[in-house]
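Enquirer: What follows is a single structure, and I will ask about it in a moment.
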Amino acid sequence: MRIFRFVVRRLLQLIPVLLGVVVLTFLLVRVLPGDPIRSILGQNATEADAAAARARFGLDQPLWRQFLDYLGGLVTGDFGTSIQSGASVGGEMALRIGPTLELVVIAVSIALVVATVLGVWSARRANRLGDHGIRLFALVGNSIPEFWLGLMLVLLGYSVLGWFPAPSGRVDPDANLTPITGADLVDAVLTANGPAISSAAAHLVLPVLTLVVGVVAPLLRSVRASALEVLNSEAYAAAAAHGLPPRTLLHGYLMRSTLVRLPALAALVFGTAIGSTVLVEYVYSWQGFGQWALRGLLYRDYPVVQASVLVIALCYVLVFLIADVVHAILDPRVRI
Amino acid sequence: MADLRAAGATGATARVTRSRDDRFARLLIITGAAILAVVAMAALAAPLLSSWGATEIDPAATLAAPGGAHPLGTDTNGMDVWSRVLYAARLDLGIAVAAVALAVLVGTLLGLVAGYLGGWLDDVLMRVVDIFQAFPTFILALAVAALLGNGTVNLIITIAAVNAPAYARLVRAEVRTQRELPFVDAAVTSGASTVGVLWRHLLPNSLTPVRVIAPLNCGWAMLTLAGLSFLGLGVSIPEAEWGAMISLGAADVVGGRWWTSVPPGLALFVSVLGFSLLGEGLQERANAKRR
């Protein structure tokens, strides 16, 4: 019950932040240079053509009027019409979110497991060879440009070894996959399409690996640091001094107190992963949300920019909210 | 309970670990600084170390493999890769450092004022920071860069704008704890002005965490700049910049032509690693001091 109240309160607190995001994006995208109409009309378009197009998208209205229309649409779940494609922004977005979530969720899940196992292992061997190796790996992962790592993996995995498919597309078109969610691996499993499963999985390996390296590094450092803190704590020393068996020490004392911090970290890392996905999608021509939002930005497609910015902000703050709730469940000391 | 720990680690071993930690921190700092010094030297001495200009075209060689007149080959435009990798250090290092300096300056000022004065100014400022922090930083940089347009000054502003809120929050928190300490009251009662207290007492004391974070931030700024250029939103070809070079070379990778994208990526990676090592060392030292 207390958790429920906490969630409601936090959701209410989100409203001003999201409203700020909506207003700021709406104004910025219009105030700063760039014209969405010019990019859809050809070079030979006259002023009259431009004015007609502007009227078609309601851009001839005064700003306050445009804003109220936009806000009214948002309340009913209508994100408007894309200026570039003329299609509904909500519909376009629904197609793009699946492929991106597929990448991010798989990568973050793998990274969480790897970081926990390696981080705790490393902390228990603090300042020995294995620990130094892990720390070096974390430093490298933090410093390597992800898009370049992606290219290097393509160079090695496709051009040199030929083990993985070319970096274009998400599934072999010959596999005849019926789209349901947009996440190809999930769709292939749902439709029990064998060739599509293996093709989608093969296409996923390199982009997921690229994301994992970037995501695992900051996680690994934090898990190691918090495990070290637990190992050096008086409570752990007392438990060890009582002669508890190593297994109990590891699972009951070390793991649990280390993992308490993981949800907040995972939320943060989820955010960085969303950022990196834009680059990774670009490298692998992955037709996801990032590519779509990027194109919207480049062509000043106002409704697309507004919708994608709002959805990213919403995702990000919701993930943090979920992390806080999970934290409260894991850690009985947290009062919410 | 305190005895338990003392029993485990006697004074002597504690001292040994501390000095070992310290030596490790120093090693990290020296390695990082050495890497950065080499990169900076390469940037300055680029004309001496290469025989081609940054944007000079060799019409006889497009996409030539390494060897002969071009030690690292040429790109699709017939420009020498080795020369460009060297010259690019100027833009990459320059923009990243300038952007972080600007972010520290603006963020620190805002954090100082908000933290010391409090009130509605503090409220407004922190709500704005909240809005900024409702986005992953790279996404924010992407949006700002796309909207501002490219150009060196705009890129510096973009990267600074994305980072400044974090510094504002950091310094504000630090100032708020410092403000309650007796030495501030002492300064005020002995007649120091608000500006005097801020400048002479609170600023130096609040900068400690900033000093540790700024080098790490420089590495991140380089990655952001290169990432933006890679997507076509930062520095654009023919100017020499590592991210833009990698972007141009990306098309050759599928055909197995590695020399247009591997060298600039390596240069970028090593430079960022330099900042990371430096930052890690400073962090380690700060942690050791706190203990």
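The values are calculated or read from the model by the stated rules, or taken from the named source; none is laboratory data. All values derive from a computational prediction rather than experimental measurement. Glycine also receives a Cβ, built like all others from the backbone with ideal geometry; neighbour counts cover every protein chain displayed. Heavy atoms of the whole protein, side chains included, go into the accessibility calculation; ligands, DNA and RNA do not. Shrake-Rupley method; radii C 1.70, N 1.55, O 1.52, S 1.80 Å.
Enquirer: With the structure loaded, tell me whether B:N154 is without any contact (Cβ under 8 Å) to a residue 12 or more places away in the chain and over 16 Å from B:I237 (Cα atoms) or whether it fails that test.
Expert: Working: without any contact (Cβ under 8 Å) to a residue 12 or more places away in the chain: yes; over 16 Å from B:I237 (Cα atoms): yes.
Spelling it out, B:N154 is indeed without any contact (Cβ under 8 Å) to a residue 12 or more places away in the chain and over 16 Å from B:I237 (Cα atoms).
Enquirer: Still on this structure, please answer the following. Go through region B:58-99 residue by residue and tally those that are in contact with a strand residue (DSSP E or B) (Cβ under 8 Å, 6 or more places away or on another chain), of a type outside the set (A, V, I, L, M, F, W, C) and farther than 16 Å from B:W242 by Cα.
Expert: 4
Enquirer: Among the candidates A:T248, A:T272, which residue alone is under 28 Å from A:P145 (Cα atoms), free of Cβ contacts under 8 Å to residues at least 60 places away in the same chain and β-branched (V, I, T)? So that I can check it myself, show each step before the final result.
Expert: Working: A:T248 fails: under 28 Å from A:P145 (Cα atoms).
Going through A:T248, A:T272 in turn, the sole match is A:T272.
Enquirer: While we're on this one: Write out, first by first residue and then by second, each pair whose Cβ atoms fall under 7 Å of each other, whose residues are 6+ apart or on separate chains, and whose first residue, in region A:251-262, is more than 13 Å from A:G119 (Cα to Cα) while the second is among the β-branched types (V, I, T) and open to solvent by less than 50 Å² (accessible area, probe 1.4 Å).
Expert: From residues that are more than 13 Å from A:G119 (Cα to Cα), the pairs are A:S257/A:V230.
Enquirer: Then there is this: Tally time: how many residues in region B:234-291 are open to solvent by less than 20 Å² (accessible area, probe 1.4 Å) and free of Cβ contacts under 8 Å to residues at least 12 places away in the same chain?
Expert: Qualifying residue count, region B:234-291: 1.
To keep it simple, each residue is scored yes or no on (1) under 17 Å from the mean Cα position of the chain (by Cα); (2) among the small types (G, A, S).
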residue: A:P99; (1), (2): yes, no
residue: A:L129; (1), (2): no, no
residue: A:A138; (1), (2): no, yes
residue: A:I144; (1), (2): no, no
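Enquirer: Being open to solvent by 50 Å² or more (accessible area, probe 1.4 Å) and within 29 Å of A:L149 (Cβ to Cβ) is true for just one of A:R333, A:R261. Which residue is that? So that I can check it myself, show each step before the final result.
Expert: Numbers: A:R333 fails: within 29 Å of A:L149 (Cβ to Cβ).
Of the residues listed, the single one that is open to solvent by 50 Å² or more (accessible area, probe 1.4 Å) and within 29 Å of A:L149 (Cβ to Cβ) is A:R261.
Enquirer: May I ask you to list the residues in region A:34-86 that are part of a loop (DSSP other than H, G, I, E, B), in contact (Cβ under 8 Å) with a residue 12 or more places away in the chain, within 26 Å of B:A145 (Cβ to Cβ) and away from chain B (no Cβ under 14 Å)? Talk me through it step by step, then tell me what you get.
Expert: Our first condition is that a residue be part of a loop (DSSP other than H, G, I, E, B); within region A:34-86, this holds for A:34-35, A:41-46, A:57-62, A:76-80, A:82-86.
Still in the running and in contact (Cβ under 8 Å) with a residue 12 or more places away in the chain: A:34-35, A:41, A:57, A:59, A:77-80, A:82-84.
Adding the requirement that they be within 26 Å of B:A145 (Cβ to Cβ) leaves A:34-35, A:41, A:57, A:59, A:79-80, A:82-84.
Listed by number, the residues that qualify are A:L41, A:F57, A:L59, A:F79, A:G80, A:S82, A:I83, A:Q84.
Enquirer: Do you know which residues across region B:136-170 are touching a Pro at 6+ places or on another chain (Cβ under 9 Å), facing chain A (nearest Cβ under 7 Å) and part of a helix (DSSP H, G or I)? If you could, list the steps in order and put the result at the bottom.
Expert: From region B:136-170, those touching a Pro at 6+ places or on another chain (Cβ under 9 Å) are B:147-149, B:170; that's our starting set.
From what's left, facing chain A (nearest Cβ under 7 Å): B:147-149.
Those that are touching a Pro at 6+ places or on another chain (Cβ under 9 Å), facing chain A (nearest Cβ under 7 Å) and part of a helix (DSSP H, G or I): B:L147, B:L148.
Enquirer: From the list A:A138, A:A188, which residue is part of a helix (DSSP H, G or I), open to solvent by less than 50 Å² (accessible area, probe 1.4 Å) and more than 14 Å from chain B (Cβ to nearest Cβ)? Don't jump to the end; show me each part of the working.
Expert: Values: A:A138 fails: more than 14 Å from chain B (Cβ to nearest Cβ).
Result: A:A188 is the single residue among A:A138, A:A188 that is part of a helix (DSSP H, G or I), open to solvent by less than 50 Å² (accessible area, probe 1.4 Å) and more than 14 Å from chain B (Cβ to nearest Cβ).
Enquirer: Continuing with this model, one more query. Does any residue of region B:178-194 turn out to be more than 30 Å from A:Y282 (Cβ to Cβ), in contact with a Ser or Thr (Cβ under 7 Å, 6 or more places away or on another chain) and either buried (at least 22 other Cβ atoms within 10 Å of the Cβ) or within 12 Å of another protein chain (Cβ to nearest Cβ) (or both)? Walk me through it before giving the result.
Expert: Taking region B:178-194 and keeping what is more than 30 Å from A:Y282 (Cβ to Cβ), we get B:178-194.
Imposing the further condition that a residue be in contact with a Ser or Thr (Cβ under 7 Å, 6 or more places away or on another chain) reduces the set to B:178.
Remaining after also requiring either buried (at least 22 other Cβ atoms within 10 Å of the Cβ) or within 12 Å of another protein chain (Cβ to nearest Cβ) (or both): none.
No, there is no match, as no residue in region B:178-194 is more than 30 Å from A:Y282 (Cβ to Cβ), in contact with a Ser or Thr (Cβ under 7 Å, 6 or more places away or on another chain) and either buried (at least 22 other Cβ atoms within 10 Å of the Cβ) or within 12 Å of another protein chain (Cβ to nearest Cβ) (or both).
Enquirer: Within region A:218-231, can one find any residue that is open to solvent by less than 30 Å² (accessible area, probe 1.4 Å), touching a residue at least 12 places away in the same chain (Cβ under 8 Å) and small (G, A, S)?
Expert: Taking every residue of region A:218-231 in turn, at least one turns out to be open to solvent by less than 30 Å² (accessible area, probe 1.4 Å), touching a residue at least 12 places away in the same chain (Cβ under 8 Å) and small (G, A, S).
Enquirer: For region B:247-291, how many residues meet the condition of being in contact with a Phe, Trp or Tyr (Cβ under 9 Å, 6 or more places away or on another chain), over 24 Å from B:Y87 (Cβ atoms) and more than 9 Å from chain A (Cβ to nearest Cβ)?
Expert: Residues that pass the stated criteria total 2.
Enquirer: Still on this structure: Among helices (runs of 4 or more DSSP H) lying entirely in region B:190-291, which contain 2 or more residues that are under 27 Å from A:S276 (Cα atoms)? Steps first, please.
Expert: Values: elements: B:203-206, B:208-230, B:242-253, B:262-290.
Correct list: B:208-230, B:242-253, B:262-290.
Enquirer: Continuing with this model, one more query. Residue under question is A:V114, and the condition is that it be more than 14 Å from chain B (Cβ to nearest Cβ) and open to solvent by 30 Å² or more (accessible area, probe 1.4 Å); does it hold? Let's see the steps before the verdict.
Expert: Numbers: more than 14 Å from chain B (Cβ to nearest Cβ): yes; open to solvent by 30 Å² or more (accessible area, probe 1.4 Å): yes.
It is true that A:V114 is more than 14 Å from chain B (Cβ to nearest Cβ) and open to solvent by 30 Å² or more (accessible area, probe 1.4 Å).
Enquirer: Going through region A:66-78 one residue at a time, which ones are touching a Gly at 6+ places or on another chain (Cβ under 8 Å) and open to solvent by 50 Å² or more (accessible area, probe 1.4 Å)?
Expert: At the first step, the residues of region A:66-78 found to be touching a Gly at 6+ places or on another chain (Cβ under 8 Å) are A:66, A:69-70, A:73, A:77-78.
Once the filter is applied, which keeps residues that are touching a Gly at 6+ places or on another chain (Cβ under 8 Å) and open to solvent by 50 Å² or more (accessible area, probe 1.4 Å), region A:66-78 yields A:D69, A:G77, A:D78.
Enquirer: Out of curiosity, is A:A107 open to solvent by 40 Å² or more (accessible area, probe 1.4 Å) and in a helix (DSSP H, G or I)? Reasoning before the result, please.
Expert: Details: open to solvent by 40 Å² or more (accessible area, probe 1.4 Å): no; in a helix (DSSP H, G or I): yes.
Considered against the rule, which asks whether it is open to solvent by 40 Å² or more (accessible area, probe 1.4 Å) and in a helix (DSSP H, G or I), A:A107 comes out as no.
Enquirer: Among what's in region A:8-41 and is open to solvent by less than 60 Å² (accessible area, probe 1.4 Å) and under 22 Å from the mean Cα position of the chain (by Cα), pick the residue that is modelled with the highest pLDDT.
Expert: It comes out as A:V22.
Enquirer: Here's another thing I want to ask about it. What do you reckon, is A:L28 in contact (Cβ under 8 Å) with a residue 24 or more places away in the chain, within 14 Å of another protein chain (Cβ to nearest Cβ) and part of a helix (DSSP H, G or I)?
Expert: No: the conditions fail for A:L28.
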